[in-house]
Amino acid sequence: MAFPVRLALRHILASKTRNGLTVLAITIAVFLLCFLLAVVKGIDAGVRSASATRLVTQSAVSLFVSLPMSYQPKIDAVDGVVLSSEFRWFGGYYQDPSNFFPQFAVNQNRFLEMYEKDIEIIEGPDGITGPGARAAVQKALNSDRRAAIIGVGLKDEEKYSFKVGDTVPIVPAIYQRADGGSWEFIIVGIFRPLKERIPDKVMYFRSDYLNTSIESGEAIGEIAAGVYYINIDSGDIGDVVASTIDDEFLNGPQRTQTITEAAFASFFVSAIGNLPLFLGTIGGAVLFSIFFSVVNAMLIAGRQRLKESGILQALGFTPLTSTFLLIFEGLMVALIGGALGLSLAVGTEGLVQDLFGANIRNYKIDSNLMLLALATSSALGITAGLSAGIPFLGYRPTEALRSMG
Amino acid sequence: MSNKAYIQLDGVTKKYSRGGEELVVLDALDLKVPEGDYVALMGPSGSGKTTILNLVGGLDIPDSGKVSVADTEVANMPKSQLPAWRARHVGFVFQSFNLLPVLTAHENVMLPLQLTPLSKSERKIQADFALEIVGLSDRASHRPSQLSGGQEQRVAIARAIATDPDVIIADEPTGDLDRNSADEILQILDRLNSEMGKTILMVTHDPAAAASARRLLKLDKGTLVSDQTREGA
């Protein structure tokens, strides 16, 4: 092993407590950096994957106010609209409130057409897979009003383990049944999302199951659409189509607000405040404070190493040798901490995904994040080493030799 | 021993500023040390002894005058060349040993050899030889904290001679040692001078150490007040 490497490693090992704490601080900083950026990226992924040719019409009053069913034909009639589909929030849970996943009532045929490129049906009735699965699922959806399709996450997650053919009872939170019981849905298909904004733990079922149940008195609730998703000809005419739709219902029972799918996705982010900014600020503050503590630790190491710099100069080394040693030492400590923090972030990825569930489905420590973490660690170590090592260059050998370090 | 001056100081003046006051540490000092000489420098604190060592070793530069070693004017040498020159020509022995505590005795001795063009195996042989000269081959793998003061100073001497320099500069090499250890160190220095021909410049307050040198220079207030050659030397 080269002399400078060996000497730097000996110094690291000689100050186990100080360097151990510095490594721990960097481990925490890098873990937090990875965690917070993965959360931010996870939130952003949904927004970024939104379709440019899709609009969402919601109540101008609140997202929680439903729109009349009568609006759909009028929306379909607007120039530039290709297809619209209602999406109604159901809000139930499976067996226990902790087993919550989103359920939406949709028009099954419009939904499948609209989401043709957004989801891939991977399994249909009787174990059918491949290109024929979509048609088989559509047929099954149309043949039973209780039919539903689920995202693959509800099949994969152990506590659900739903499969095609299962009857799944969902306890309602909004649409109570007159008998006080659960709603029963029959799984006829499983899909895999092709867009990041679509969760993989979600269920879509026929809205007419809900509507007819309310009409017949089996269930209590309002027959209405939650929001309308609208496919348009081209992203260029989005503003015009949105204005036309909103103008159409200006004097209707509910005024509407039509926005792009990306803006709609962003709404959920902004609904809990500017989360990315908030998380970024916390992460930045933590990083900065840890950065200063690492620099401080290296400065202490530097002060203790001043006499060594004098000795090395007396032996014929240049002052740069000591500066380099401190930079190398800082880099090593930071990289060890960075690698540990990164390992922690990667190791807990699955756990965090489980904790976030469908809320931040795209939480992932990807290769870009890994590179960023290692680059940040390296920069931190080099900067700390430089801060401690550069002052050496200003000392004469005799001054360095006289120091107490 | 040649009579030609190997180390030469001509009209060297060195001043330090301390607390706003200017102190003249060396005042137009002239000094000639032939190759292979063994010189002890004595004098009260602040008389300029260590400053002479620092100037000869290229660790400091004079305010005026010339300092030359082996016909090389040290003070005029570019700053970037000084470390390499030091590595080739000068070996330092300090009062407080100044070994790197994180390295073993052998690794400490290997340190200056890193700056030579020797191969790794040649460096190891050279370090082994240096430790053998000071009688510490069996302590090569020990850290400084595992050695006595006398042993530490012997390792420091081994480090100083590892690159086979012409000049050994020793700043109170026995100052931190008991009598027995000090005598061992003086015997080693004597051998380095008499058997290996090293030119030794030693600052000391120890009369026994001074007596072991061939020549005794006494300084006071930056000037040479006495220059004695030991009888029989």
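Comparing A:Leu380, A:Leu13, A:Leu325, which has the greatest mean-square fluctuation in the GNM of chain A with Cα pairs linked when under 10 Å apart?
Judging by the Gaussian network model, the answer is A:Leu13.
Once you've got the GNM for chain A with C-alpha springs shorter than 10 Å, pick whichever of A:Pro319, A:Pro172, A:Pro97 has the biggest mean-square fluctuation.
Sorting by GNM fluctuation, first place goes to A:Pro97.
Can you give the % of DSSP beta bridges in the protein assembly as shown that are antiparallel, to the nearest 5?
Taking every DSSP beta bridge within the protein assembly as shown, about 70 percent pair in antiparallel fashion.
Considering only protein heavy atoms, what per residue accessible area in square angstrom results for region B:33-119 with a 1.4 angstrom probe?
Values: 2970 Å² over 87 residues.
Heavy-atom accessible area per residue stands at 34 Å².
For region A:315-337, list whatever residues lose no less than 30 Å² of accessible surface once every protein chain is in place, relative to that chain by itself, with the probe at 1.4 Å.
A:Leu315, A:Gly316, A:Phe317
Summarise the long-distance tail of P(r) for region A:115-179 by giving the % of C-alpha pairs beyond 17 Å.
50 percent
Just how far, in whole angstrom, is region B:1-48 from region A:288-320 if you go by their alpha carbon centroids?
Region A:288-320 and region B:1-48 have Cα centres spaced 32 Å from each other.
Find the all-direction average of the projected area of the Cα convex hull for region A:66-253, expressing the result in square nanometres with one decimal place.
Average projection, Cα convex hull of region A:66-253: 11.4 nm².
For region B:69-137, what's the radius of gyration and Dmax over Cα atoms, in angstrom?
Just the Cα atoms of region B:69-137 yield Rg and Dmax of 13.9, 39 Å.
Taking the protein assembly as shown, how much of its Cα-Cα pair set, in percent, is spaced more than 39 angstrom apart?
Values: 110729 of 203203 pairs.
More than 39 Å apart: 54 percent of the Cα pairs in the protein assembly as shown.
Give the carbon-plus-sulfur fraction of the accessible surface of region A:66-253 in %, rounded to a whole number; probe 1.4 Å, heavy atoms of protein chains only.
Roughly 48 percent, rounded to a whole number.
Ignoring trypsin sites (Lys or Arg not before Pro) that are buried or in helix or strand per DSSP, and keeping those with at most 11 other beta carbon atoms within 10 Å, what is the longest stretch of chain A between them?
Of all site-free stretches, the longest is A:160-405.
Using the heavy atoms of the protein chains and a 1.4 angstrom probe, tell me the accessible area per residue for region A:221-350 in square angstrom.
For region A:221-350, the per-residue accessible area is 44 Å².
Tell me the Kirkwood radius of region A:145-192: reciprocal of the mean inverse pair distance over distinct alpha-carbon atoms, in Å.
Details: mean 1/r = 0.0874 Å⁻¹.
With all distinct Cα pairs of region A:145-192 included, I get 11.4 Å.
Mind checking which helices in chain A clear 18 Å along their axis (Cα) and have mean Kyte-Doolittle hydropathy of -1.0 or more, DSSP H runs only?
Qualifying helices: A:16-48, A:275-304, A:319-347, A:367-389.
Under 5 Å between amide hydrogens, which residues at least 5 positions from A:Phe191 or on another chain qualify, with H placed 1.01 Å from N in the peptide plane?
Amide H to amide H, under 5 Å and 5 or more residues apart or across chains, A:Phe191 pairs with A:Ile122, A:Ile150, A:Gly151, A:Val152.
Relative to the compact-globule scaling 2.2 N^0.38 Å, provide the ratio for the alpha-carbon radius of gyration of region B:54-189.
For region B:54-189, the normalised Cα radius of gyration comes out at 1.07.
Please calculate how many Å² of accessible area region A:1-149 carries per residue, with a 1.4 Å probe and no DNA, RNA or ligand atoms counted.
Result: 44 Å² per residue.
Considering only protein heavy atoms and a probe of 1.4 Å, how much of the accessible area of region B:115-177 is carbon and sulfur, as a whole percent? Let's see the in-between values first.
Details: 1230 of 2680 Å².
Of the solvent-accessible surface of region B:115-177, carbon and sulfur hold 46 percent.
Identify all aspartates and glutamates with a Cα-Cα distance to B:Lys15 below 19 Å; exclude those on the same chain that are fewer than 8 residues away in sequence.
Cross-link targets: A:Glu399, B:Asp27, B:Asp30, B:Asp60, B:Asp63, B:Asp220.
Which value in deg cm²/dmol, rounded to the nearest 500, describes the helix-derived mean residue ellipticity at 222 nm for chain A, given -39,500 (n - 2.57) per DSSP H run of n ≥ 4 and division by the residue count?
-16500 deg cm²/dmol
In the Gaussian network model of chain A, springs joining C-alpha atoms below 10 Å, which of A:Asp179, A:Asp236, A:Asp126 carries the largest mean-square fluctuation?
The residue that fluctuates most here is A:Asp179.
Counting other Cβ atoms within 10 Å of each Cβ, which chymotrypsin sites (Phe, Trp or Tyr not before Pro) in region A:63-149 have at most 15 and sit in a DSSP loop?
A:Phe64
Round to the nearest 10 and give me the degree value, 0 to 90, for the angle of helix B:179-194's Cα axis relative to the longest principal axis of chain B.
With rounding to tens, the tilt is 80 degrees.
What's the total accessible area buried between chains A and B, using a 1.4 Å probe, rounded to the nearest 100 Å²?
Accessible area lost upon association: around 2000 Å².
Summarise the long-distance tail of P(r) for region A:165-219 by giving the % of C-alpha pairs beyond 18 Å.
That tail contains 42 percent of the Cα-Cα pairs.
Which residues, if any, in region B:123-170 lose at least 10 square angstrom of accessible heavy-atom surface (probe 1.4 Å) when the other protein chains sit next to their chain rather than the chain being alone?
B:Arg143, B:Arg159
The values are calculated or read from the model by the stated rules, or taken from the named source; none is laboratory data. Treat the numbers as computed from the prediction; the structure is a model and nothing was measured. Cβ coordinates were reconstructed from backbone atoms using ideal geometry, including for glycine residues, and neighbour counts include every protein chain displayed. Heads up: the accessible areas ignore ligands, DNA and RNA and are worked out on the full protein's heavy atoms, side chains in. Shrake-Rupley method; radii C 1.70, N 1.55, O 1.52, S 1.80 Å.
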